[in-house]
Amino acid sequence: MPEKIVETTPYEDQRPGTSGLRKKVSVFRKKNYLENFVQSIFDSINAPRGSVLVLGGDGRFYNIEAIRIILGMAAANGFDRAIVGKGGILSTPAASHLIRKRGAYGGIILSASHNPGGEHGDFGIKYNSENGGPAPEKLTEAIYEKSRSISRYRIVEEVEVDLENIGESKIGEMTVEVIDPVSGYADLMESLFDFASIRHLLKGDFRIRFDAMHAVTGPYAVEILEKRLGAKQGSVMNSIPLPDFGGGHPDPNLTYAEDLVKIMYGEKAPDFGAASDGDGDRNMILGGRFFVTPSDSLAVLAANAKLVPGYQDGLLGVARSMPTSGAVDRVASALGIPFYETPTGWKFFGNLMDAGRVTLCGEESFGTGSNHVREKDGLWAVLFWLNLIAAKRMSVEEIMHEHWKTFGRNFYSRHDYEDLPLESARKVMEAVESRFRDLPGTVFGKYTVLHCDDFSYKDPVDGSLSRGQGLRIVFTDGSRIVHRLSGTGTSGATLRVYLECFESNASRHKLDAQDALSELIAIAKGISGIEEKTGRKEPTVIT
Ligand code: G1P
Ligand code: ZN
């Protein structure tokens, strides 16, 4: 297994998006495509000789092949040790934890998150820094720059290491340490939550269902929910990770987690349902015939955090991404703790956490997390809810209604227009922005526009500025319409329209969100002219 320097030519399309580089599997299998990008990472991070690298992925198609290539490259690039999850498996939050716990220089996570897998699906790769969080923009830009001029990479070819058994082996000078991907993470969860009281809850007639969607959380959920917490066997469904996720779309929302949704909205629905995504960082929370929006979920966790052992001393502060509803803002102001509004994407939370400014954070896109790692964490959110249910002895729905009664309800919905031609998506954005001068003061029925802007964020920790983060139309009563283009898609453009209005009157809290938001939905369509510009009458996905 000699170390080689291989000549290569650059690809032009290796700019990482919101969460790493995502492309079709067929693109990643192009000659030197993966190698170029990995060498660009190594050339940008300048890890000193003797560094430790964490490596694993969500088990999707091409995971193991990619891991072997990256191991060979890590060895040739002077890493002292690579810590790899058995079978090449590591959920994103578990990888984040491992980087921190083992003092690694960083980690490479192979995942395209919730995007479909399989030979014709998507693949992805992202680099996380030593704090366990996604690489900051400065670094991802540097990686992209390197990828545009790369001319050679270093590799030990045809690596033969046993990734199926726990233990150590060598590639040249580098040690490959294959670890159990689950146990360290499960221990971390046990240190944060009251497992005894959750166990007690699950021993009674409280029934749960967790849908791992044939993605990475299966082994984690079986160990934690069934083995350690005693949920009935079979409570975890679709628990075996498959390279194509069983043909599904591992995105935990009402559209794609359809097996679970059927059960939770059926007769004899269990008391609690949850799902996670491809790499285990997202979560969806359901009660019997009841859906908790991620924005509300964050607010509930913040309001009740002191009931959970890991957060019993209270929260340093909370953060949400700009498009996420303002429900958590109200909790922060009631608790008198700092609150931050960041651009979309998890990396902005990491700085705030490292600086000790926030404990909890979340996004409307089914991402919730805390400073226990530097990624969002699907199972963590599930355990947080179970801990609250056990402590409050209330159902999911009761907890939510109690919350709305106290804080009011932020009705919220996201309308996605997927796979649009780039040109028409841009036209919609331009149309919205072109109205920003004349909209303020305009009255639409009961709504009056207060101000409009393209959201930008100055990081309070490192002072970096992020512009162009979404077009906001804010109304005098705090209602909002936000237009934003997705940064994670792999084909065409996805336009996201986020809608929000506030309701303090408890008698209206039971309204359906789409009904409560119907006027705003019409106003948004009128301003953007989306129907004429895209030919789409309705969004592809409504959450
Ligand atoms: C989406 C979500 C965003 C999340 C990201 C990574 O990004 O909207 O909140 O951080 O996936 O999971 P988008 O496609 O909107 O750029
Ligand atoms: Zn994910």
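Which residues, counting only those in segment 157-172, are hydrophobic (A, V, I, L, M, F, W, C), within 15 Å of Ala66 (Cα to Cα) and open to solvent by 10 Å² or more (accessible area, probe 1.4 Å)?
So the first thing to find is which residues in segment 157-172 are hydrophobic (A, V, I, L, M, F, W, C), and the list is 159, 161, 163, 166, 171.
Then keep just the ones that are within 15 Å of Ala66 (Cα to Cα); that gives 159, 161, 163.
Matches in segment 157-172: Val159, Val161.
In segment 12-63, what residues are open to solvent by less than 10 Å² (accessible area, probe 1.4 Å) and within 16 Å of ligand 2 (Cβ to nearest atom)?
Answer for segment 12-63, where residues must be open to solvent by less than 10 Å² (accessible area, probe 1.4 Å) and within 16 Å of ligand 2 (Cβ to nearest atom): Leu21, Gly56, Gly57, Asp58, Arg60, Asn63.
Which strands (runs of 3 or more DSSP E) does segment 338-440 wholly contain that include 2 or more residues that are touching a Lys or Arg at 6+ places or on another chain (Cβ under 6 Å) and either closer than 29 Å to Glu531 by Cβ or within 16 Å of ligand 2 (Cβ to nearest atom) (or both)? Don't jump to the end; show me each part of the working.
Values: elements: 339-342, 360-363, 367-370, 409-420.
In segment 338-440, the matching strands (runs of 3 or more DSSP E) lie at 367-370, 409-420.
With part of a strand (DSSP E or B), within 13 Å of ligand 2 (Cβ to nearest atom), in contact with a Phe, Trp or Tyr (Cβ under 9 Å, 6 or more places away or on another chain) and in contact (Cβ under 8 Å) with a residue 40 or more places away in the chain as the only criterion, which of Asn253, Asn283 stands out?
Among Asn253, Asn283, only Asn283 is part of a strand (DSSP E or B), within 13 Å of ligand 2 (Cβ to nearest atom), in contact with a Phe, Trp or Tyr (Cβ under 9 Å, 6 or more places away or on another chain) and in contact (Cβ under 8 Å) with a residue 40 or more places away in the chain.
Look at segment 260-302 and say how many of its residues are β-branched (Val, Ile, Thr) and either at pLDDT below 95 or within 16 Å of ligand 1 (Cβ to nearest atom) (or both).
Final tally of qualifying residues: 1.
For segment 247-263, check the following and say yes or no: at least one residue is closer than 20 Å to Ile64 by Cβ and either touching a Leu at 6+ places or on another chain (Cβ under 6 Å) or open to solvent by 40 Å² or more (accessible area, probe 1.4 Å) (or both).
Scanning segment 247-263, I find at least one residue that is closer than 20 Å to Ile64 by Cβ and either touching a Leu at 6+ places or on another chain (Cβ under 6 Å) or open to solvent by 40 Å² or more (accessible area, probe 1.4 Å) (or both), so the answer is yes.
Among the residues of segment 2-9, is there at least one that is within 30 Å of Leu188 (Cα to Cα), at pLDDT 95 or above and aliphatic (A, V, I, L, M)?
Here is the first cut: in segment 2-9, the ones within 30 Å of Leu188 (Cα to Cα) are none.
No: zero hits.
Taking segment 497-529, which residues are open to solvent by 10 Å² or more (accessible area, probe 1.4 Å) and among the polar types (S, T, N, Q)?
Ser504, Asn505, Ser507, Gln514, Ser518
Take segment 87-113 and flag every residue that is open to solvent by 20 Å² or more (accessible area, probe 1.4 Å) and either in a loop (DSSP other than H, G, I, E, B) or of a type in the set (Ser, Thr, Tyr) (or both).
Arg102, Gly103, Tyr105
State whether one or more residues within segment 303-322 are buried (at least 24 other Cβ atoms within 10 Å of the Cβ) and out of contact with any helix residue (DSSP H, G or I) (no Cβ under 8 Å at 6 or more places or on another chain).
Scanning segment 303-322 turns up no residue that is buried (at least 24 other Cβ atoms within 10 Å of the Cβ) and out of contact with any helix residue (DSSP H, G or I) (no Cβ under 8 Å at 6 or more places or on another chain).
The values are calculated or read from the model by the stated rules, or taken from the named source; none is laboratory data. Remember, predicted model here, so these are calculated numbers, not experimental data. Neighbour counts are summed over all protein chains in view; Cβ atoms, including those assigned to glycine, are modelled from backbone coordinates with ideal geometry. Areas reflect the complete protein model, heavy atoms only, side chains present, ligands, DNA and RNA absent. Shrake-Rupley method; radii C 1.70, N 1.55, O 1.52, S 1.80 Å.
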